[in-house]
1. Please check: in the Gaussian network model of chain A (C-alpha springs, under 10 Å), which one of A:Ala316, A:Ala70, A:Ala395 has the largest mean-square fluctuation.
2. Using Cα pairs closer than 8 Å and at least 6 residues apart in sequence, work out the relative contact order for region B:96-171, in percent.
3. Can you pull the accessible area of A:Thr267 for me, 1.4 Å probe, Å² to the nearest 10?
4. Just the number please: accessible area per residue for region B:117-186, 1.4 Å probe, all protein chains included, in Å².
5. What are the aspartates and glutamates whose alpha-carbon lies under 17 Å from the alpha-carbon of A:Lys148, with same-chain residues fewer than 8 places away excluded?
6. Mind listing which chymotrypsin sites (Phe, Trp or Tyr not before Pro) in region A:74-168 are in a DSSP loop and have 13 or fewer other Cβ atoms within 10 Å?
7. Amide H of B:Cys112 versus every other amide H placed in the peptide plane: which residues, excluding those fewer than 5 positions away on the same chain, fall under 5 Å?
8. Just add up the charged neighbours of B:Gly256: K/R +1, D/E -1, any other residue whose Cβ is under 10 Å from the Cβ of B:Gly256.
Protein chains: 2
Amino acid sequence: MNNDKFERTSHVVLTSHSNQIFKESLPINWGAKTAKERGPVVATISEKENRNAIGSHSGSYTVYRALSIANGDFPKDHRPELFNTHSPVTIKPQDSWFDPDKMVAIDPWGACVQEMYTDYLKEGYNIKPTIAVTQARLHIPEIFEAIKNGRLKVDGDIVADDGSVKVTKVAFEPVWYLPGIAKRLGIKEGELRKILFNETGGMFPELVTRPDLKVLLPPIGSTTAYVFGDINKLSDPSVELTCRVHDECNGSDVFGSDICTCRPYLTYGIEQATKTAQEGGVGFIAYYRKEGRALGEVTKFLVYNARKRQEGGDSAETYFKRTECVAGVEDARFQEFMPDILQWFGIKKIHNLHSMSNMKYDAIVKSGIEVVNRLSIPDELIPADAQVEMEAKKAAGYFTQGDIKDGAALKEVVGRKLEE
Amino acid sequence: MNNDKFERTSHVVLTSHSNQIFKESLPINWGAKTAKERGPVVATISEKENRNAIGSHSGSYTVYRALSIANGDFPKDHRPELFNTHSPVTIKPQDSWFDPDKMVAIDPWGACVQEMYTDYLKEGYNIKPTIAVTQARLHIPEIFEAIKNGRLKVDGDIVADDGSVKVTKVAFEPVWYLPGIAKRLGIKEGELRKILFNETGGMFPELVTRPDLKVLLPPIGSTTAYVFGDINKLSDPSVELTCRVHDECNGSDVFGSDICTCRPYLTYGIEQATKTAQEGGVGFIAYYRKEGRALGEVTKFLVYNARKRQEGGDSAETYFKRTECVAGVEDARFQEFMPDILQWFGIKKIHNLHSMSNMKYDAIVKSGIEVVNRLSIPDELIPADAQVEMEAKKAAGYFTQGDIKDGAALKEVVGRKLEE
């Protein structure tokens, strides 16, 4: 490995002054008909005069990149070598790309900067992709089990002889068009900017001092979409589409904690997505980095303790209340922005939506996508301790094909004690 | 669910001016002998005059919290209700807590603010825990398999009849003591502050305008530790300790992608940690949110494509080179800060370290922890396509009990093509 150390910069210019407006920065016309007309998002740091966005690339990993520079591991003049990095499948622009309201949390052109902005790249603009597409083969124990039990078949294409599943996967960095974000929330852009600045402890003064910069790359987690079958079928409403929009839950998704249904619901969604692809349809799983309802894992664990210790035990009746007491809100996931990922693929109709969340359903429908069937997690996949979450959510308006408990019945759904 | 909307603030004060120094803020004496002497970290937003840190709580989720406020979902006067949120196990302060150099990336007192700062909390200081401890039962398919194959036994305590594994788990928010971070990197604090500000696109001007504020809560991912067996045995060097320090890889950890060894190595580590706990020792897994070598998933996918498309195919010989070309660095994980989590538990000796990384090993040893045995992933758990990563890492100095390839032999280790 390379042990060369690189020179670091020594000059600081505060971003809170308006003399930071440069004529060399390219305009961004959100929702324009072509990539050229729209203009590239330039959020790299190498030439400050070319920047036309607030924030930086790689979401929260920008902090680690800064450490690399502090450590002298990163050459100041580094340009990403984009040769050979492009998508292995053709990504076709969709009508939604030209509608400034359909996508406000990702950059529709983010996967094609290599082809679309060749001239600017040659001129020396440091433009980085914010979307990357690749292909993979998934080895998932629950899928091996489904094959063994005859629920899924090996077909030598989608499911290989070794039980692995072929997918196209797409990673999305957050790119926020602030006027669109404000519109989606129903507040004024200036108000949004002030609050984003104030309530993060003063992140990016440009939010308030540079109203001319309309795009923010916030330091938050990315989203990954997994496509089962032909990616180009996603935009065809006549092709059966099975979809799960999944919010990260590390404790269950990776470690299999039984207090919630996250991993079982996810792997069931993958099984159904695979099946639909094998039957000539297409499967779609999106994974959003919104740990603990976007409140983070520290808050989540504090809430677990408060739930399990309260009088009467961990009860479905007080499930949401405990989160609100600790965190200030029940949920911070903002499903309003979730459908942007679906819009990028041109999805217009979901035949099978594997989600019980009314917030997700409402957001999808509001964005103009038709939902035919809603499917809840099969009862046999719900861990015993997760019944509290399940009944609480159903009582609060989550979708179910079954009964909804209330009053005394809801109170009686009690989970394991903390020490057990 | 609650549909009340709360009033939002309208006043903005830039943080780039020095009139933001308040006498009401409590001093922080990093490494002091008692919690009271050390002083609480106050990074909440509710009373700006009490803040004694840069940034805010919940890592990158602070951005979602800000959105909740923008949306009117969050009461301005909210105080976290900390009743019942405390750890279910006794957390004993360790000698390492009183050494300002042993922990610089987390707050040793972060799990005990409920007890340690009762007086301040009563006075109205809004102090939030940055560490949370809870208990859980893990249901992991690979562990069920290990039980079935007789490698693990049900004991009714660590491993229950249903095959679930009992753990204590601890979530850590990043809390950076900037002088310590700079010292660990071997650079001047002022230099670190300037680079953190400049290279993140101008995040937190206080980094340069407020040298009196020594603590930063950066908007990055958290870390989670899983303890198998008695948490208080971790600090006893005479008790056998099996440990894996794992960096997040969502594509493998959750989705089982076969291009790397991440999930197999993790679940093998969990199996061994469980076994050691059953034999009277203690197991420890730490999960660091550092996706794609802390470069993020977009970069990771771009690199996958460049690796698989290069002349000669995806080869072990050029494994690190491709990341450097795209990202500017081979790796941004800064293992230098990783051992802080081990120090928090008072770990002094690791009998079985399940990691091949020389960077992790070096960092652990440098922090003063003895490592007895290093264990590489068993060959039968390495997916075929991950041989490229495996051989490249061994050739670059990663630990192995086996042979190290070089020259032509290294070039011959070639992975699947992109389309396959």
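The values are calculated or read from the model by the stated rules, or taken from the named source; none is laboratory data. Since we're looking at a predicted model, the values are computed, not measured. For neighbour counting, all protein chains shown are included, and Cβ atoms are generated from backbone atoms with ideal geometry for every residue, glycine included. To get the accessible areas, we keep the full protein, side chains included, count just its heavy atoms, and leave off ligands, DNA and RNA. Shrake-Rupley method; radii C 1.70, N 1.55, O 1.52, S 1.80 Å.
1. Checking each option, the largest mean-square fluctuation is seen for A:Ala70.
2. Details: 71 pairs, mean separation 21.1, N = 76.
Reported relative contact order: 28 percent.
3. Its heavy atoms expose roughly 10 Å² to the probe.
4. Numbers: 2610 Å² over 70 residues.
Per-residue value: 37 Å².
5. Hits, sequence-local ones excluded: A:Asp161, A:Asp162, A:Glu271, B:Glu142, B:Glu145.
6. Details: sites: A:Phe83, A:Trp97, A:Phe98, A:Trp109, A:Tyr117, A:Tyr120, A:Tyr125, A:Phe144; in loops: A:Phe83, A:Tyr117, A:Tyr125.
The qualifying sites are A:Phe83.
7. none
8. Working: positive: A:Arg137, B:Arg263; negative: A:Glu142, B:Asp253, B:Asp258.
Spelling it out: positives minus negatives among the neighbours equals -1.
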